[in-house]
Amino acid sequence: MTLILEQRVSLKPFNSFGVDARASWFSRVQSVADLQRLQDDARLRHLPRLILGAGSNVLFVGDFDGLVIQVALPGVEPGGRTDDAELLRVGAGQSWPELVEQLVHSGHPGLENLALIPGWAGAAPIQNIGAYGLELSERLHSVRVWEASSGTCRDMWPEECALGYRDSIFKRDEDGQRIIVSITLRLPLRWEPITGYTELERELAARGCTRPSARDIYEAVCALRRRKLPDPAKLGNAGSFFKNPVVERARHAELLERHPSMVSYALAGGRYKIAAGWLIEACQLRGVHRGRVGTYERQALVLVNRDGASGAEVLALAHEVQERVHEKFEICLEPEVRIVGA
Ligand SMILES: Cc1cc2nc3c(=O)[nH]c(=O)nc-3n(C[C@H](O)[C@H](O)[C@H](O)COP(=O)(O)OP(=O)(O)OC[C@H]3O[C@@H](n4cnc5c(N)ncnc54)[C@H](O)[C@@H]3O)c2cc1C
């Protein structure tokens, strides 16, 4: 198959914020051989690189003067079995929400709590996607990467990937030299529902599900997400713009004394995760409009492109949110979204 390589390409169709920016070079790769061909191309070898999936967790604030590689390797195939799990090898370009839907509906439970998270499988380990009480790390067997330095692929095990809350070793790879080409998932042979997340528990109770199946959980998660989050096809956004900050016990107690309605969750090791959405809302910043951008009416943590805004406009709002939260709570909100071209 011919390798697609174009110059001066608009990235607007390739990011869920729907902001315009240009890449000097753009290529969509479908195989490891394509990656090697780009590597061998003398025109491209020394250019800065950006690796892209579906673009649902990036904000372009300027043009990208380099090569954007959209990693669209296809395929889903059985990867064998361990004592307690069925393994599934998934190409980096596989749509994540479609994969979860297909698995749940074909009787392969395990990923239902991660339903409807936009993006492609190859990006899932980057920030260790998580939702409704489950993180990818609990279902990840290994990650296959292609390394430009050697031109070869190798498997990385979860320990080496250093997966944490919206974090992994890949988050620090900004030079595009290590590329995820596939991931292998572990689907539990003895499936147990994960229903401890309060909002999900309530939704299941409201639906009368006392012993929920994977399909019940899938449907409950989809309903919750559709109610709470804007559809990027209608309103540009990248989901939660900031991470939930994590604080020590003493700091948490002090904040809670001053703000008794603060929403937070206890973590292992005596630390607490504070709901960034609550912090932003407490600064009266839910549903605000700033020109062509704003925060979403139903979830303050989601910044939205209301009408053809630029990435710089979104970033200016992000800075305003950070400043206001810092002024009121002395907490620094860290972006979850990757900001490119700042
Ligand atoms: C409405 C909405 C809701 C969301 N909800 C959630 C949620 O509940 N939980 C959650 O965790 N996230 C959520 N997200 C964020 C997003 O869906 C995930 O981060 C997703 O995994 C991004 O996939 P992508 O293919 O779009 O990645 P991109 O946005 O294209 O890339 C994200 C990062 O991964 C890198 N990358 C992408 N592919 C590769 C690859 N093959 N090899 C190496 N690096 C790569 C990029 O360089 C970039 O740094 C949401 C986003 C939206 C728009």
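The values are calculated or read from the model by the stated rules, or taken from the named source; none is laboratory data. Note that the structure is a prediction, hence the values are computed from the model and not measured. Accessible surface is based on the protein model in full, side chains and every heavy atom, while ligands, DNA and RNA are left aside. Shrake-Rupley method; radii C 1.70, N 1.55, O 1.52, S 1.80 Å.
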Problem set entry | Choice from G208, G110, G287 with maximal GNM fluctuation in the chain (Cα, 10 Å cutoff) | G208
For this session: Would you mind getting the accessible area per residue of segment 239-326, heavy atoms of the protein chains only, 1.4 Å probe, in Å²?
Result: 47
For this session: Beyond 25 Å, what share of the Cα-Cα pairs of the chain is found? Please give it as a whole percent.
Result: 56
Problem set entry | Accessible heavy-atom area order of S168, S95, highest first, probe of 1.4 Å | S95, S168
Seminar exercise, completed: Yeah, segment 199-342 with a ≥ b ≥ c from its alpha-carbon gyration tensor (a/c under 1.5 is rounded, else prolate when a/b outruns b/c, oblate otherwise) is oblate
For this session: Could you estimate the translational diffusion coefficient of segment 46-115 from the Stokes-Einstein equation, with Rh from the Kirkwood formula over C-alpha pairs, at 25 °C and 0.890 mPa s, in whole µm²/s?
Result: 168
Exercise. Rounded to a whole number, what % of the accessible area of the chain do carbon and sulfur atoms account for, probe 1.4 Å?
Worked result: 48
Problem set entry | Relative contact order for segment 219-311, counting Cα pairs under 8 Å that sit 6 or more residues apart, in percent | 29
Exercise. Protein chains only, probe 1.4 Å: how do R215, R144 rank by accessible area, largest first?
Worked result: R215, R144
Exercise. Among H141, H289, what's the order by accessible area (1.4 angstrom probe), most exposed first?
Worked result: H289, H141
